[in-house]
Amino acid sequence: MSRWDTQSIQAVLFDLDGTLIDSAPDLGAAADAMRTARGMPSLPLDLYRPMAGAGARGMLGVAFGLTPEAPEFATLREEFFCNYEARMTRSTIVFDGVVHLVAGLQQRGLRWGIVTNKSKRFTNPLVASIADFASAEVVVSGDTTPHSKPHPEPLLFAARSLGVLPEQCLYVGDDERDIQAGKAAGMATVAATYGYLGSQTDTSRWAADAEINSPEQLLQFFVSA
């Protein structure tokens, strides 16, 4: 993404988990509690962290080796949801640099919002618990529209809500689905390589318009904006 392209950007949209917040400790703990409740040994957070962006699918995959096709998956998923709901603000933190990033965007006259695959059941109370996110002008959850990422509709919904064109938006995320959704929506895309990344770590294959190694690095694209 060139600096010339940046001049047309009016809004920056972000994925949530792995991009703005580090929720892996609470997600991992929610799944690990299910193991220990069944007399299984606890697993280290390092095993859960890479799959935190995949939510219940990722956490249950690590904890029990389950896939969504397993007959017991739906029941265990709801148990995981209840565990997570009870503790989702306990150890989750905003990534270093995010507060400065948000302030910097606002200083440059840029609007910002959140587009996540997390359901409203968790997104709304979690975002509300973070005072620094009060300035977000739009929050789109995985069940706000009939589709979730990598479908572009959540991003297009966010653009419509802000009253800006998709090509006037930049989308930042730490998962390949984020980049796919952003491209499909006609937005510029940035891969946050400090995030979870899932099992796919060759971010260059995502073909994002740019990559950042820290939240604050995004501001460099708006130096003259």
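Considering only residues in segment 128-156 that are touching a residue at least 12 places away in the same chain (Cβ under 8 Å), outside any loop (DSSP other than H, G, I, E, B) and out of contact with any His (no Cβ under 9 Å at 6 or more places or on another chain), the one that is surrounded by the fewest Cβ atoms within 10 Å (Cβ to Cβ) turns out to be ASP132. Please work out if VAL172 is under 28 Å from GLU85 (Cα atoms) and part of a helix (DSSP H, G or I). Judged against the criteria, VAL172 is not a match. Of all the listed residues (ALA74, ALA33, ALA29), the sole one being buried (at least 18 other Cβ atoms within 10 Å of the Cβ) and over 26 Å from ASP132 (Cα atoms) is ALA33. Within the set ASP46, ASP96, ASP32, the sole residue that is among the charged types (D, E, K, R) and either touching a strand residue (DSSP E or B) at 6+ places or on another chain (Cβ under 6 Å) or in the same structural domain as LYS183 (by TED's automatic domain parsing) (or both) turns out to be ASP96. Those helices (runs of 4 or more DSSP H) of segment 1-103 in which at least 3 residues are within 28 Å of ALA185 (Cβ to Cβ) and either modelled with pLDDT under 95 or of a type in the set (A, V, I, L, M) (or both), considering only elements entirely within it, cover 3-6, 55-64.
Name the residue, out of GLY186, GLY195, GLY182, that is more than 20 Å from ALA103 (Cα to Cα), modelled with pLDDT under 90 and assigned by TED's automatic domain parsing to the domain that holds VAL12.
Testing whether each residue is more than 20 Å from ALA103 (Cα to Cα), modelled with pLDDT under 90 and assigned by TED's automatic domain parsing to the domain that holds VAL12 leaves just GLY195.
The values are calculated or read from the model by the stated rules, or taken from the named source; none is laboratory data. Because the structure is a prediction, the values reported are computed rather than measured. Positions of Cβ are backbone-derived with ideal geometry, glycine not excepted, and every protein chain shown enters the neighbour counts.
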